[in-house]
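Please treat every number below as a calculation from the coordinates, not as lab data. What you are looking at is a predicted structure, and each value in this text was computed from that prediction instead of being measured. Heads up, the Cβs are rebuilt from the backbone with ideal geometry, glycines too, and the neighbour counts pull from every protein chain shown.
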Amino acid sequence: RGMNRYRVTLRKKKERTATVAFTVRAEKGYQGTAVVREPVTLKTSTGLMKSGDWSQEGALRYYSGGIRYRQSYELNNTAGAKQIMLKLGEVVATCEVTVNGQSAGVLISPPYELDITGLVKDGKNDIEVLVYSTLSNHYQTIPTPYRGEPRAGLIGPV
């Protein structure tokens, strides 16, 4: 009765996504969603993931939300460049791009390209792409006529 908290700590850090499963034994008189009266939340640490369709990554198969991709690049002679374009290739579905801590823009449809000339500098440049999927991945888990294709992520090539 009441709220219980459980903590699961993995003995060894996982190099890839992992699935965590738990079983709930219902008290007499409780069934369906009444068994778990509060939302189930998972707190995870940051990890590494290559660009691509995250709906193919096991534990992220039904995840609808945002994932942040980060990469640093060394550039030289940026002052002489007429234009420096960031071309993300295919993105499913929308994204926000930050270059060296400054917003470069939000992209909601192809082409997923931005002029980042004024944001880059000689030396190390940090690029961050926050990709948001649609609800399609989540809709695979519930009865609904709005399923759609469950693809999501920075598909590329970048």
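If I stretch the segment between residue 53 and residue 77 completely, what's the gain in nm (0.36 nm per residue apart, minus their alpha carbon distance), one decimal? Working shown, then result.
Working: separation 24, 0.36 × 24 = 8.64 nm, distance 3.40 nm.
That pair, residue 53 and residue 77, stretches by 5.2 nm at full extension.
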Here the range 124-135 yields Karplus 3J(HN,Hα) values (6.51, -1.76, 1.60; θ = phi - 60°; whole Hz; Gly and Pro given as x) of 6, 10, 9, 10, 10, 10, 9, 9, 10, 7, 8, 7
Calculated on alpha-carbon atoms, Rg and Dmax of the range 44-156 in Å: 15.9, 56
Given H placed on each backbone N at 1.01 Å, which residues far from residue 153 in sequence or on other chains put an amide H within less than 5 Å of it? 54, 92, 93
Points 7 angstrom from Cα along the Cβ direction at residue 84 and residue 27: gap in nanometres? 6.1
Proximal charge balance of residue 140 [Cβ under 9 Å; K/R count +1, D/E count -1]: +2
